[in-house]
Amino acid sequence: MKIIICGCGRIGYPVIRDLLEEGHQLTVIDENQRAINDIQNTFDVMTLCGNCATASALRDAAVDKADLLIALTAKDEINLLSCMTSHSINPKIHTIARIRNPEYIEQVASMQKLTGLSMIINPEQSVADEIYKLLKMPGFMRRETFARGQVEIVELKADRGSPLCGLALNQLAGTIKCKVLVCAIVREGTCLIPKGNHTIQEGDRIYVTAPSDSLAILLKNLNITTHRVKDCMIIGGGRISYYLGQRLINSGIKVKIIEQSEETSQLIMTQLPRCTVVHEDPQDQEQLIKEGIESFDSLVTLTGQDSVNAITSLFGASLGIPTIVTKFDQMSSSQLLGKLPLGSIVRPQDLAGNAIERFVRAMQNQTGAAVAVHTIADGLAEALEFEVDENTLHKDEPFRSFKLRAHTLIACVTSGYTTEIPNGDSKFSLGDTIVVVTNQAGSVTQLNDIFM
């Protein structure tokens, strides 16, 4: 497809990379010449330095011939105007806008008609939702939800002393007393799609498929201590902190936010009157101790500086805080981060990229397209959700009767309210939901792609 991307910053850069890998023809617009130069030096795309909200710039980018425009600049107003102008020039174009202001989000319904918006993404809201899920069930490093909440793929780490270490996958069910499937293993920077005879090694990060109602059993039988989070210290007072603080307070969890900017502190106090907000430098560890960081059972680091987030999370880990979540915008070295006690790691660009990629695939493959696409294992693998339709091959056939492509597996089959971790006798039927995992990114766009 012909796609125009407006804005090539922290969110736009990985979207450009992923869409290029899938073979789309891209044109990138940005006002910053340095950013454009970086894109030109890295990717084989058309570029244009200019204001993407103007009709002249959009016409120069051939918006009249484009299938999709994705507006990802840091300014909501520019994104909205880009979509409106594009739609006025090309009424058939689909548009996606990054909208961060909560006041704008509330007007989505009316703005969609005016702008022709096909989709709105809010990376900050998505990150807050992801962190909230992690805090509601501590013990998992990451959680991805499928099949209308009935199935999850969760990330666990095989630390020293864990009952997972040295365990063959075909012995796992007997150890944890519930049926799950290890669908991916990250080991020394590579991702394996494992078979039953694979053995889990110390330091591995494993991705486990399980029905949602089995997650508590999984943690208990792995001797992973879980507890209901009662209070949370949040470092940084930006939009993610606002969304997260709001959800936590509404759930009865006490929240204290440490924010360096006096102006931002005052704003958060106004927005979240039931939250304690402290105007202090989060890098001052003595001040954090005075604010009682040791007494909190969860710590979330959300400043705009990866280094501050990492150091503060490490400090929290040294104090024994049981549940830690660290946000990273730039750092991506999985081998390094995986060896540090940083708790769960969230990246806004990953969550935004997943949503955009799912939409683009649905546009490209209207029949049999993935219902959901999630990047897992540090971007080294994908988990895709499909619905079985009349065109799906091998319906009502036992799994042992057909073969899957290499590096691909079916993680689970959901029929109605029942989820099955498949074996050789398993079958899927019309209307069922299937979750597929592959470490060959972009190789599966429709369900039939997984069969040999």
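Structure summary
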| quantity | calculated |
| --- | --- |
| Residue match in region 140-154 (condition: aliphatic (A, V, I, L, M), exposed (fewer than 15 other Cβ atoms within 10 Å of the Cβ) and within 25 Å of D432 (Cα to Cα)) | no |
| First in region 261-279 and farther than 20 Å from N101 by Cα, second anywhere and of a type in the set (K, R), Cβ under 7 Å, 6 or more apart | T276/K256; V278/K256 |
| Selected residue (criterion: nearest to S82 (Cα to Cα)) from residues of region 116-129 that are surrounded by fewer than 21 Cβ atoms within 10 Å (Cβ to Cβ) and touching a Ser or Thr at 6+ places or on another chain (Cβ under 9 Å) | G116 |
| Elements of type helices (runs of 4 or more DSSP H) contained in region 283-337, each with 3 or more residues being at pLDDT 95 or above and within 16 Å of I234 (Cβ to Cβ) | 306-318 |
| Residues within region 414-425 that are within 15 Å of L181 (Cα to Cα) and either out of contact with any Lys or Arg (no Cβ under 9 Å at 6 or more places or on another chain) or modelled with pLDDT of 95 or more (or both), tallied | 2 |
| Those strands (runs of 3 or more DSSP E) lying entirely in region 338-452 with at least 3 residues surrounded by 17 or more Cβ atoms within 10 Å (Cβ to Cβ) and either outside the structural domain of C8 (by TED's automatic domain parsing) or of a type outside the set (S, T, Y) (or both) | 344-346, 372-376, 381-387, 408-415, 433-438 |
| Region 77-97 residues that are touching a residue at least 40 places away in the same chain (Cβ under 8 Å), paired with ones that are surrounded by fewer than 22 Cβ atoms within 10 Å (Cβ to Cβ) and charged (D, E, K, R) (beta carbon under 8 Å, 6 or more apart) | H94/D67 |
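Here's the yes/no breakdown for (1) within 23 Å of I376 (Cα to Cα); (2) crowded, with 16+ Cβ neighbours inside 10 Å; (3) out of contact with any Lys or Arg (no Cβ under 9 Å at 6 or more places or on another chain):
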| site | (1), (2), (3) |
| --- | --- |
| K195 | yes, no, yes |
| V208 | yes, yes, yes |
| V229 | no, yes, no |
| M233 | no, yes, no |
| S241 | no, yes, yes |
| Q246 | no, yes, yes |
| S251 | no, no, no |
| I257 | no, yes, yes |
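The values are calculated or read from the model by the stated rules, or taken from the named source; none is laboratory data. These numbers were taken from a predicted model, which means no experiment stands behind them. Cβ coordinates were reconstructed from backbone atoms using ideal geometry, including for glycine residues, and neighbour counts include every protein chain displayed.
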